[in-house]
Amino acid sequence: MSDLQNLSAPLWTGEEALAALSGLGGQGDREWQANGVSIDTRNLKSGDLFVALPGEKADGHDYVESAFAAGASAALVRQGYTPPQGLPDAAAFIYVDDVAAGLEALGQAARARSQAHILAVTGSVGKTSVKEALRLALSKSGSTHASEKSYNNHIGVPLSLARLPREAAYGVFEIGMNHAGEIATLVEMVRPHTAIITHIGSAHIEHLGSEEAIARAKAEIFTAGIAPQTAIIPQDTPYFDILRDAAKAANVADILPFAASEAKTGPAVAWAEKVHLHDTCSCVSATIDDTPMTFKVGTPGRHQVSNALAVLTAVKAAGADLALAALSLAESEGLPGRGQRHVLQCATGDYLLIDESYNANPSSMQAALMSLGLVPRFGQGRRIAALGDMAELGEHAADMHQALAENVEQADIDLVVTCGVMMQHLHNHLPPGRMGPHVSSPEELLEILLRDIHAGDVIMVKGANATGMMRLVDGLIDAHGQDAAETMTEGDYAV
């Protein structure tokens, strides 16, 4: 997404696009201009360039007619493609040997022409939250562009770059991975001035074998291509030395550690001195590169405090207004699938649904459980965790699911309902007083919860994308409606 409006120049002209695509046999119409780039006709805006990406389940070339019907100004297609009959007279085409490579070329050209300070974010958890907080914080100082949603892979990164407006003062890009070497490929396109690692955890350990290997793969953000000027790394990790040494080996000029622990330890340049965790926010006194600050983070949990320290360190490195950035953190809200809250109504009254359904790994699952534990009990209300399997954990899967029982105890969760093959291991190790039903699907969980929910309950839903736990969220909202305008007061919850 971008905070830029009323641009003085189009995002792309036909001449610029053809120049960027010349190495891929680019040829076609020159007399067009676009204010956006789209790969999906369902959200294409009038005036967009439509990129007809081929895919395993669908081929963008099958949707060219729909793209022009929605107002596309041009389409990027493969050589030899024959346009359908009946298109608007103004329909423009650019032909390339490889459409996916063409999108990458557009992204690289947009990056090359940009004068923005570019920031890149990776990590096992917190990438999207940090990216969104940076978008909000930096927009207080200048025009800011950031990748949408979790667009952090071999398609999302070049697409986000291709959408980078030439007038942007700041650009924020999320970089993800499943395997070693993937970050290197993406960071060579992004070429950040400031590179941030949020946290090292067990996500994708099935493919990489160990958390140490994950740390080395994340460190590719420093070592691939042109080294960033600034590396921002978590000090509160056993793999700090790996990250710091990788940045040093890449000749990164400024290595800035941050730490959420409530005391300055080691080389941290940003650290929390006092933290007050609440159920809807956190209040923090911290030092950011010798600057004492007090601020509120609008999303709950100690992990969000850690994210905030990384954000403010990056804002300072980018030369933006640190005070305005700190104020902006109070405006941060839970994102869909990442902590968004819904006040719903069952037969006996209001209850709270916390949507954490966008993916899960041990670190993010622990953080979500601890955040649930911050929500106070009201009346007969219960803290309920509805959990689906975590994915890509390989031989560690059973142990890592079982280990969540300790976090359930620490957070004092009243009831845990589970689904999936791996969550059986957690279910089997829960004490009887906290053990809810275990089933095979989110739909079965929905039936159980719809029968059992009562006023004052707070339900947190989380699981890997493959488990479909978002269907449980959608089912609860469909069944019990949503009244975002109302908040709970005495005997309820403030959201």
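Rule-based calculations on the coordinates, nothing more; no lab input. Since the model is a prediction, treat every value here as computed from it, not as a measurement. Virtual Cβ from ideal backbone geometry, glycine too; neighbours counted across all protein chains shown.
Quick look at the numbers
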| read-out | value |
| --- | --- |
| 25 °C / 0.890 mPa s Stokes-Einstein diffusion coefficient of segment 12-99, Kirkwood radius on C-alpha pairs, µm²/s | 194 |
| Cα long-axis angle, helix 302-317 against the chain (0 to 90 degrees, to the nearest 10) | 30 |
| Sparsely packed GluC sites (Glu not before Pro) within segment 29-138, loop by DSSP, other Cβ within 10 Å at most 13 | E31, E56 |
| In Hz, Karplus ³J(HN,Hα) per residue of segment 36-41 (6.51, -1.76, 1.60; θ = phi - 60°; x = Gly, Pro) | x, 10, 9, 10, 9, 5 |
| Packing-based ranking, highest mean first, of 425-431, 142-148 given that Cβ atoms within 10 Å are counted | 142-148, 425-431 |
| Backbone HN-Hα couplings from phi across segment 211-226 [Karplus 6.51/-1.76/1.60, Hz, Gly and Pro as x] | 5, 4, 5, 4, 4, 5, 5, 5, 5, 4, 5, 9, 9, 8, x, 7 |
| Overall Cα dimensions of the chain, principal axis frame, Å, largest first | 68, 54, 45 |
| Within the chain, longest stretch free of exposed trypsin sites (Lys or Arg not before Pro) [DSSP loop, at most 11 other beta carbons within 10 Å] | 58-495 |
| Cα long-axis angle, helix 397-411 against the chain (0 to 90 degrees, to the nearest 10) | 60 |
| Phi-based couplings in Hz for segment 440-446 (Karplus 6.51, -1.76, 1.60; Gly and Pro marked x) | 9, 8, x, 5, 5, 4, 4 |
| Estimated 222 nm signal from helices in the chain, with DSSP H stretches of n ≥ 4 weighted -39500 (n - 2.57), rounded to 500 | -9500 deg cm²/dmol |
| Relative contact order [Cα under 8 Å, 6+ residues apart], segment 114-331, whole percent | 19 |
| Dipole moment magnitude, nearest 20 debye, the chain about Cα centre, only Lys, Arg, Asp, Glu C-beta charged | 980 |
| Cα-based shape type of segment 148-229, given that a ≥ b ≥ c are square roots of the gyration tensor eigenvalues and the cut on a/c is 1.5 | prolate |
| Rounded Å value of the spacing that divides the Cα centres of segment 13-47 and segment 90-152 | 16 |
